[in-house]
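Step one of this worksheet: look at the structure below.
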Amino acid sequence: MLLYLWTARHHPPAEDGSFRLGRWERPVVAGALAWLGVELVVLLAPARFRPAQAYALGAVALGAVVYALLRLAEPAAMTSQPQPSPPDPDTRPAGEQPLW
């Protein structure tokens with residue numbers, strides 16, 4: 001949710017016919033943030049969950065290391081969208097016969 005809020009101003013305008021929340025976007029985001037806060041309290045408060053918390057923090061740390069390595073190794077790939085490749089002329093839809 002925080003990443004969405006951080007990048008929301010950079011999103012391109014939605015195409016016609018696509019799903020949009022419109023004026024409900026802010027209440028939905030606020031509700032999602034509140035619910036995530038409740039989940040965090042429930043899962044982080046009891047001492048019984050300390051081993052699970054250690055595994056989760058380890059996974060987050062590993063993800064951060066992988067992200068940093070990829071960012072250093074391929075910075076262009078981490079900051080731009082891949083371009084679609086042109087269609088292969090040798091492929092045909094199923095059932096289409098060759099012209100020769």
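Every read-out reported here was derived from the displayed coordinates using simple, explicitly stated rules and does not represent laboratory data. Only a predicted model underlies this, so the values are computations on that prediction, with no experimental measurement involved. Please note: Cβ atoms are built from the backbone with ideal geometry, for glycine as well, and neighbour counts cover all protein chains shown.
For this structure, a couple of remarks:
- Unit charges on C-beta of K, R, D, E only; dipole of the chain, Debye: 660
- Estimated from helices alone, the mean residue ellipticity of the chain at 222 nm is -17500 deg cm²/dmol (sum of -39500 (n - 2.57) over DSSP H runs with n ≥ 4, per residue).
- Considering only L36, G17, A52, the residue lying farthest towards the positive end of the dipole of segment 8-53 is A52, judged by Cα position with unit charges set on Cβ.
- In whole angstrom, the chain maps to an equivalent ellipsoid with semi-axes of 40, 24, 17, each derived as √(5λ) from the alpha carbon gyration tensor and ordered largest first.
- Each semi-axis of the equivalent ellipsoid for segment 22-76 is √(5λ) with λ an eigenvalue of the Cα gyration tensor; in descending order they amount to 28, 24, 4 Å.
- Degrees separating the helix 25-44 axis from the principal Cα axis of the chain, which is the longest one: 50
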